[in-house]
1. Going by what's in this entry, would residue 16 be described as buried (at least 17 other Cβ atoms within 10 Å of the Cβ), farther than 24 Å from residue 94 by Cα and at pLDDT 95 or above?
2. Tell me the residue from 65, 7 that is in contact with a strand residue (DSSP E or B) (Cβ under 9 Å, 6 or more places away or on another chain), at pLDDT 95 or above and under 24 Å from residue 224 (Cα atoms), please.
3. Could you list, in sequence order, the residues of segment 1-46 that are assigned to a strand (DSSP E or B), touching a residue at least 60 places away in the same chain (Cβ under 8 Å) and either out of contact with any helix residue (DSSP H, G or I) (no Cβ under 7 Å at 6 or more places or on another chain) or farther than 23 Å from residue 254 by Cβ (or both)?
């Protein structure tokens, strides 16, 4: 299986999908314990949730699971949230702080996975962002994520439904952040926050260079907004999903229409 799936479009929007993949090579699966083989920290169904919402959007999707290597972490292994509980480039625990390996990966294993999985994903994402920027003079990376709404190991209480991340406003033009905030705040029955527990992962921080015409914003959805329950077998709730998709469509179409007006702004 190739490490990345690419669908090219002609919109200024590029959807990043680093955590929806569930492929684990057999040799790596053999090193995981039973808990790890459950792949519980997947961004379940996110590629399906966003499919078709914005005709012409480019998508770049990692097919490998984040337990193989996390495509949204700094390849150097540096923490995104120093001093806080989180998971690393190759996670040793799940989001509940529980071990996932029978045989933890060695430094050589991690380096091999960087070259085989992490690097090709980001080479593809970089290429698509540059292609789209060449077409429009701007590219907006919208990084698509989801997570369980209750994870005491990572955060207190209940996570808001929409978690917008721009690394404190540095990764995109203010108009982009404001437009997404406005739509989320107006979504009836949903809660939202900007740069709360999730401020944008390595992808958002690395590619968000507004002065160069590259804007990036991360959306971390609470899985309670579209799953039947936040537990195996992780089934999508069609009614919840359709309600949510209406708001996601509004976000993406607004960003696409906004792109020409923010071209060249910081």
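1. No; evaluated as a whole, the condition is false for this residue.
2. 65
3. Within segment 1-46, 4, 6, 32 qualify.
The rows are residues; the columns are (1) surrounded by fewer than 22 Cβ atoms within 10 Å (Cβ to Cβ); (2) under 20 Å from residue 4 (Cβ atoms); (3) touching a helix residue (DSSP H, G or I) at 6+ places or on another chain (Cβ under 7 Å); (4) at pLDDT below 95.
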| residue | (1), (2), (3), (4) |
| --- | --- |
| 119 | yes, yes, no, no |
| 127 | yes, yes, no, no |
| 130 | yes, yes, no, no |
| 140 | no, yes, yes, no |
| 166 | no, no, yes, no |
| 180 | no, no, yes, no |
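Yes or no, residue by residue, for (1) crowded, with 19+ Cβ neighbours inside 10 Å; (2) assigned to a helix (DSSP H, G or I); (3) touching a residue at least 12 places away in the same chain (Cβ under 8 Å):
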site: 48; (1), (2), (3): no, yes, yes
site: 52; (1), (2), (3): no, no, no
site: 97; (1), (2), (3): no, no, yes
site: 109; (1), (2), (3): no, yes, yes
site: 122; (1), (2), (3): yes, yes, yes
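The values are calculated or read from the model by the stated rules, or taken from the named source; none is laboratory data. Please read these numbers as outputs of a predicted model, since none were measured by experiment. Because the Cβ atoms are built from the backbone with ideal geometry, glycine has one as well, and the counts that use them run over all protein chains shown.
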